[in-house]
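Asks: I'd like to ask some things about the structure below.
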Amino acid sequence: MSKVVIFDHPLIQHKLSIMRDKKTGCKDFRELLDEIAMLMVYEVTRDLQTEEVEVETPICTTKTKMLAGKPIGIIPILRAGLGMVDGILSLIPNAKVGHIGLYRDPETLNPVEYYCKLPEDAEHRELIVLDPMLATGGSASAAITFIKQRGCNNIRLVNLIAAPEGIERVRAEHPDVDIYVAALDEKLNEHGYIVPGLGDAGDRLFGTK
Ligand code: PRP
Ligand code: URA
């Protein structure tokens, strides 16, 4: 079964509390999402492979470690996932970026795909799927299915806030995908919004409502 990591770092919790506040405007919301995504990278990449290399310091020659293994690809789910890209790229600047466009039908809550462009060599990469909100889990699960249909297997999912229903669905449909979330909230409401959540992440990020 996959791993679920819930961050309890005070800096992340503090920043997330400001994001939840409905009085927080677009500019601050965007900056905070960027900062939290950057802080999450540290734990999300903890198990990346390293190899021993020899380095000559000004004092002596020493054996030390550098990243090895598969290169990284990051895949934001449009729109709101875009808000996490720069934070991740600031620590993994060589990562390639793919995009998956999905929106949730407000009636059925089912994801509707409108765009998919992945790096050409995606199947040779360690892929990090980004979306601030994991509500029913429909969007994340569908995005992961598309990516797998392209022959990719090494996938991890990073969300800001998850509902228990979303975690359960992704784990059931993709038991190989580890999930990293800054907070696990209580439940979904009758419209499929996370409670307490932060509202509509895409609208708050881009100021569309
Ligand atoms: C939001 C969010 C997720 C999805 C989560 O996107 O960014 O992609 O809903 O809900 P789910 O887990 O129930 O699928 P939305 O559909 O509002 O599209 P947007 O990012 O374009 O606003
Ligand atoms: N999408 C959002 O942006 N927020 C929610 O609470 C649920 C789905």
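The values are calculated or read from the model by the stated rules, or taken from the named source; none is laboratory data. No experiment lies behind these values; they were computed from the predicted model shown. Every residue, glycine among them, receives a Cβ derived from its backbone with ideal geometry; neighbour counts consider all protein chains shown. We work out accessible area using only protein heavy atoms, side chains counted, and drop any ligands, DNA or RNA first. Shrake-Rupley method; radii C 1.70, N 1.55, O 1.52, S 1.80 Å.
Asks: Kindly indicate the residue of region 130-187 that is among the hydroxyl-bearing types (Ser, Thr, Tyr) and within 12 Å of ligand 1 (Cβ to nearest atom) and also farthest from residue 32 (Cα to Cα) among those meeting that condition.
Replies: To start, the set of residues in region 130-187 that are among the hydroxyl-bearing types (Ser, Thr, Tyr) comprises 136, 139, 141, 145, 180.
Subsequent filtering for residues that are within 12 Å of ligand 1 (Cβ to nearest atom) retains 136, 139, 141.
Numbers: 136: 24, 139: 23, 141: 26 Å.
Among those residues, the one meeting the criterion is 141.
Asks: Any residue in region 191-209 that's more than 11 Å from residue 20 (Cβ to Cβ) and near ligand 2 (Cβ under 8 Å from one of its atoms): show its pairings with residues that are among the polar types (S, T, N, Q) and open to solvent by less than 50 Å² (accessible area, probe 1.4 Å) at Cβ separation under 8 Å, as long as the two are six or more apart or on different chains.
Replies: 192/136
Asks: Ok, one more. Quick check on region 169-192: of everything there that is of a type in the set (Asp, Glu) and touching a Ser or Thr at 6+ places or on another chain (Cβ under 9 Å), which residue is least open to solvent (accessible area, probe 1.4 Å)?
Replies: The residue in question is 178.
Asks: List the residue pairs whose Cβ atoms are under 6 Å apart, where the first residue sits in region 64-88 and is under 23 Å from residue 31 (Cβ atoms), the second is open to solvent by 60 Å² or more (accessible area, probe 1.4 Å) and away from ligand 2 (no atom under 16 Å from the Cβ), and the two are 6 or more positions apart or on different chains.
Replies: That search, which allows pairs on different chains as well, returns 87/38.
Asks: If I ask for residues that are open to solvent by 70 Å² or more (accessible area, probe 1.4 Å) and either assigned to a helix (DSSP H, G or I) or under 28 Å from residue 207 (Cβ atoms) (or both), which ones from region 59-81 would you list?
Replies: 79
Asks: Out of contact with any helix residue (DSSP H, G or I) (no Cβ under 8 Å at 6 or more places or on another chain) and either at pLDDT 95 or above or open to solvent by less than 70 Å² (accessible area, probe 1.4 Å) (or both), is that true of residue 165? Please lay out each step first, then the result.
Replies: Values: out of contact with any helix residue (DSSP H, G or I) (no Cβ under 8 Å at 6 or more places or on another chain): yes; either at pLDDT 95 or above or open to solvent by less than 70 Å² (accessible area, probe 1.4 Å) (or both): yes.
So residue 165 fits the description; yes.
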